[in-house]
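Beneath this line is the structure, given in structure tokens, with notes to follow.
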Amino acid sequence: MRCATATPLDNFAIVPEMTPIRTFLFGVLAWLGAAVGYSKPLVVTTHTVLSDFVHEIAGDDVEVTCLLPVNIDPHSYDPRPADVRAVSRAALVVMNGLGLEPWAERLVAAAGYKGAIVVATDGLEGLLPLSDHEEHGHAGRSGENDALDPHAWQDLRNAKHYVQKIANALCQVVPSRADAFRSNAAAYEAKLDALDAEVRREIDSIPSGRRKLVTSHDSLQYLGNRYGLRIVPVAGSRPGQEPSARQLAELISTVRREHVPAVFFEATSNPKLAELVAKEAGVTVVRELYTDSLGPTGSPGATYLGMFRHNIATLVAALK
Ligand SMILES: [Zn+2]
């Protein structure tokens, strides 16, 4: 139970007399409240990947609520009244930033939330969306331009940045557990480093001429940039932006001309588009990538590490 602030005695006028049995019942209710976790600080996140990082760092010491259910497109999400209630109860709000959550500012204002907000990509180099330039490598500072590619978690080095920022914020929220949080974060960062080396070995096993792919939006640019995969986007960086007939025709001719081995369409994208490109360009279509969301509980993509391993195995199998 949360500690109540001191209340003037006059306000107790309507409280019934505290008989021993009532005192006992109030005690049981308080114990039940603590047992089901009401006393834990609530951390609200805007994305399944962020919730996984909070869980890795803080375990059961905090309650985590992710506003977005799995497989929901974060770019065009429309917050619900339950989200406003969750944010109003939060001890910490964790966001991705780089323009992933254009609706978050409105939500925080509607909830009257005045607490801490951590933007996990603050301080990272953001990449311009692929559709804004033909070649990779045009980087911009985050905050300079809200039209940057927001999918920064698709680079394992960036994931370490997220974990450090989130760990620092969690230590402020539950200072008594700071040592444990820092040690959990360090152990998790070691796992990210190990996976980074593993992914590099896996990608290096693909013949260099075949290290290219098409995705349904720019969601894998950070991955391509880090591990040397050329990403050919279908349309802009937001899944809601469907390609025009002209863009689709250009894509099909690019896939044919460059002998792109496979086209990857994500769980959050429109399956009709994938079928059309596959039919017209005569290439393999893979639909099992987790990009904008982790997968449901029990799926290979249910955690960030599982999502990354699954995506790499799927990419390598299709491109080799
Ligand atoms: Zn996206």
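Only a single item in (1) within 16 Å of the ligand (Cβ to nearest atom); (2) modelled with pLDDT of 90 or more; (3) under 15 Å from the mean Cα position of the chain (by Cα) is not met by Asn225, and it is number (3). Give me the pairs: first residue in the stretch 106-126 and touching a residue at least 12 places away in the same chain (Cβ under 8 Å) and of a type in the set (Val, Ile, Thr), second residue in a loop (DSSP other than H, G, I, E, B) and buried (at least 20 other Cβ atoms within 10 Å of the Cβ), beta-carbon distance under 7 Å, and six or more apart or on different chains, which are they? Listed pairs, sorted by first residue: Val119/Gly97; Thr121/Asn96; Thr121/Gly97; Thr121/Leu98; Thr121/Ser142. Out of everything in the stretch 60-91 that is of a type in the set (S, T, N, Q) and within 16 Å of the ligand (Cβ to nearest atom), what residue ends up being nearest to Asn184 (Cα to Cα)? The qualifying residue nearest to Asn184 (Cα to Cα) is Asn71.
The values are calculated or read from the model by the stated rules, or taken from the named source; none is laboratory data. Everything numeric here is computed off the predicted structure, so don't read it as measured data. Note: ideal-geometry Cβ built from the backbone for every residue, glycine included; neighbour counts use all protein chains shown.
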